[in-house]
Amino acid sequence: MCFFERSMDKALQRRRMVEHELRLAIGRDEFDLLYQPQFSLETEEACGTEALIRWHHPVHGKIAPAHFISVAEETGLIVPLGEWVLRRACSDAVKWEKPLTVAVNLSPAQFRDGDIVQTVASVLKDTGLPPERLELEITENLLINDTEEVLQKLKTFRKLGVAVAMDDFGTGFSSLSYLARFPFSKIKIDRHFIQTMTKDPAVKAIVRTIIALGKSLDITITAEGVETVEQARMLREFGCPEVQGFLYSQPISAEEAGHAKPKVSTLSKHTTAA
């Protein structure tokens, strides 16, 4: 026996509406990319960027990814949308004055429903972006099922010269076993750890350990969500090489990303505007 819940019907109607409008949006080119700069903690020079998609809806205005990415993944629309992001990010990056890396997030659906290896190779060829400047970010969710097939594709990316990063490290279940089976280029520490490490000694110890692990495995570590000077200085003390977050920069346009500079400098004892 099932009971009708009006809230369930509203949620289903909303999902169908988002799916319908997503299909239209892809054809109408209603999407754009912003870039979250990444900085070296040693020099505070920009060393890379992460591509962030935004939807400019003709009626509702700017729509954040949290409101449509899950629907895109459930419906398979993430495959054409993901290819658009990859192609646009590479096209933007090849125009930048500085040879910064550009990171693009990949969804499990892109591995399951499309030929992601061929897509990446084709985009690199068409845009002319050097492979070493592209970084593909995945989460542990991708490795839960069909691990061997996924690992083979990741190894093919490395053969192409493309870097592979594990995003949101520490939020899954088998991070260490994955690191042993595949040589990731980068580990990104989830923002939750960064935001709580200054208050929780246990989290502080975890962050310090992840950074030390990266050093021993020769894997670059990037701390996400750095928002305070205290967090930045603690990460520098631990030897974290790279950071990204609102303390240093908000997401910026493609034109600005090519010459990104930090909003503040935390290298000296007294923080000054950059």
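Quick rundown of the values:
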read-out: Gln110 being modelled with pLDDT under 95, farther than 22 Å from Asp190 by Cα and either open to solvent by less than 40 Å² (accessible area, probe 1.4 Å) or in contact with a Pro (Cβ under 9 Å, 6 or more places away or on another chain) (or both); value: yes
read-out: Residues of the range 113-130 classified as in contact with a Pro (Cβ under 8 Å, 6 or more places away or on another chain) and basic (Lys, Arg), total; value: 0
read-out: Test set (1) part of a helix (DSSP H, G or I); (2) more than 14 Å from Asp190 (Cα to Cα); (3) open to solvent by less than 10 Å² (accessible area, probe 1.4 Å) - Tyr248 fails condition number; value: (1)
read-out: Selected residue (only one of Thr119, Thr101, Thr139 is hydroxyl-bearing (Ser, Thr, Tyr), touching a residue at least 40 places away in the same chain (Cβ under 8 Å) and under 23 Å from Phe184 (Cα atoms)); value: Thr101
read-out: Looking only at the range 113-166, and only at residues there that are acidic (Asp, Glu) and modelled with pLDDT under 95, the one that is surrounded by the most Cβ atoms within 10 Å (Cβ to Cβ); value: Glu140
read-out: Test for Thr228: is it out of contact with any Gly (no Cβ under 6 Å at 6 or more places or on another chain) and open to solvent by 30 Å² or more (accessible area, probe 1.4 Å); value: yes
read-out: The lone exception for Met17 - which of (1) open to solvent by 60 Å² or more (accessible area, probe 1.4 Å); (2) at pLDDT 85 or above it fails; value: (2)
read-out: Subset of the range 42-71 [in contact with a Pro (Cβ under 9 Å, 6 or more places away or on another chain) and either open to solvent by 20 Å² or more (accessible area, probe 1.4 Å) or within 17 Å of Asp29 (Cβ to Cβ) (or both)]; value: Glu42, Glu45, Cys47, Leu52, Ile53, Arg54, Trp55
read-out: Residue in the range 178-186 that is at pLDDT 95 or above, hydroxyl-bearing (Ser, Thr, Tyr) and over 21 Å from Gln38 (Cβ atoms) present; value: no
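The values are calculated or read from the model by the stated rules, or taken from the named source; none is laboratory data. Owing to the predicted nature of the structure, the values given are computational and were not obtained by experimental measurement. Because the Cβ atoms are built from the backbone with ideal geometry, glycine has one as well, and the counts that use them run over all protein chains shown. Only protein heavy atoms, including side chains, enter the accessible area calculation; ligands, DNA and RNA are left aside. Shrake-Rupley method; radii C 1.70, N 1.55, O 1.52, S 1.80 Å.
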